[in-house]
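No lab work stands behind these numbers, since they all come straight from the coordinates. Owing to the predicted nature of the structure, the values given are computational and were not obtained by experimental measurement. All Cβ positions, even for glycine, are placed from backbone atoms using ideal geometry, and neighbour counts span all protein chains on display.
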Amino acid sequence: MSKQGSSQCASSFKFSAVPALGAIRPKVELPLSGWPPGGRWWNVRLLIIEDEPKIARSLSEGFEAEHFAVDMAEDGEKGLELATEIRYDGIVLDWNLPRMDGLSLLRKLRQAGSTTRVLILSGRREVADRVAGLQAGADDYLIKPFSFQELLARMQTLLRRAQETSEILKVGDLMLDPQRHMVERAGKPIKLSQREYALLEYLMRNVGRTVTRTMVVEHVWNLWFDGLTSVVDVYISYLRAKIDHDFSTPLIHTVRGVGFMLSAEPKLEKKEK
Ligand code: CA
């Protein structure tokens with residue numbers, strides 16, 4: 001899983017309501033310079049699927065230095081597993097991989113409905129290879145050897161494009177506009193903290209699906225998870241106070257013993273306690 005330096009970010013991470021923070025390592029959260037527009041805080045999470053240790057290491061170090069959260073997989077099967085479990089913003093995918101090649105992985109991922117931006121790395125220089133890569137569902141194709149600066153620039157372009165086309169999310173009368181970073185319920189603007197916003201966006205992107213506390217912690221906080229699920233409950237309660245408190249239909253539901261679900265379906269109204 002991702003490796004983030006803890007010294008740099010400890011001071012930017014404040015959680016007075018939750019004790020025992022020494023047990024967890026928070027994600028680095030810094031606005032990327034000049035991107036996204038407005039330099040807003042943004043959790044950009046990348047998966048790098050590469051079997052050559054030297055390249056894998058230099059990619060992970062390079063992206064982490066640019067404040068991306070990075071996960072690594074060294075073979076195709078592991079890569080597919082991670083890419084299916086976690087919603088990444090972007091994937092750097094080597095073509096020649098043990099256990100499952102990059103193109104087969106990509107086809108499976110696209111068949112499963114993933115729209116994550118994928119950049120293929122390959123030593124194959126033929127036009128036909130590039131076409132095959134794009135036909136399998138790649139968004140870009142970079143030939144080895146390559147410069148990290150070019151890879152970074154291309155990945156940023158892909159992610160920016162994804163961001164620009166990101167649609168307004170709606171669940172019942174709740175609306176989240178990723179472009180403007182705005183939330184409204186029944187036309188009434190709701191002011192959320194950065195964490196509350198990230199949590200709500202995650203719940204809305206998984207509408208109608210149960211998300212476990214571990215999934216929330218891993219995606220929204222990107223922590224080295226150490227059983228600290230109470231963080232999630234605290235933030236769910238903050239969100240409930242802002243999103244559901246003044247409205248007759250609750251949208252945030254507790255799925256007992258499992259996690260939470262955002263849904264406008266009244267039949268799902270099951271609250272804990
Ligand atoms: Ca390889």
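A compact table of results
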read-out: Three-way shape label, region 169-262, alpha-carbon gyration tensor, a/c 1.5; value: prolate
read-out: Contour excess over end-to-end distance, with Cα ends at Ala264 and Ser58 and 0.36 nm allotted per residue; value: 69.7 nm
read-out: J(HN,Hα) series, region 131-148, from Karplus relation 6.51 cos²θ - 1.76 cosθ + 1.60, nearest Hz, glycine and proline x; value: 4, 4, x, 5, 5, 6, x, 6, 9, 7, 8, 10, 8, 7, x, 9, 9, 4
read-out: Length gained when the stretch Glu81-Leu134 is fully extended (0.36 nm per residue, less Cα-Cα span); value: 16.9 nm
read-out: For peptides 92-99, 133-140, sequence by mean Cβ density within 10 Å, most packed first; value: 92-99, 133-140
read-out: Using a Förster distance of 22 Å, the FRET efficiency for Thr212-Lys242 (Cβ separation, nearest 0.05); value: 0.50
read-out: Linear extension gain, Ser230 paired with Thr157, 0.36 nm per residue minus alpha-carbon span; value: 22.6 nm
read-out: Long-range HN-HN contacts of Tyr141 with modeled amide H, under 5 Å; value: Ile120
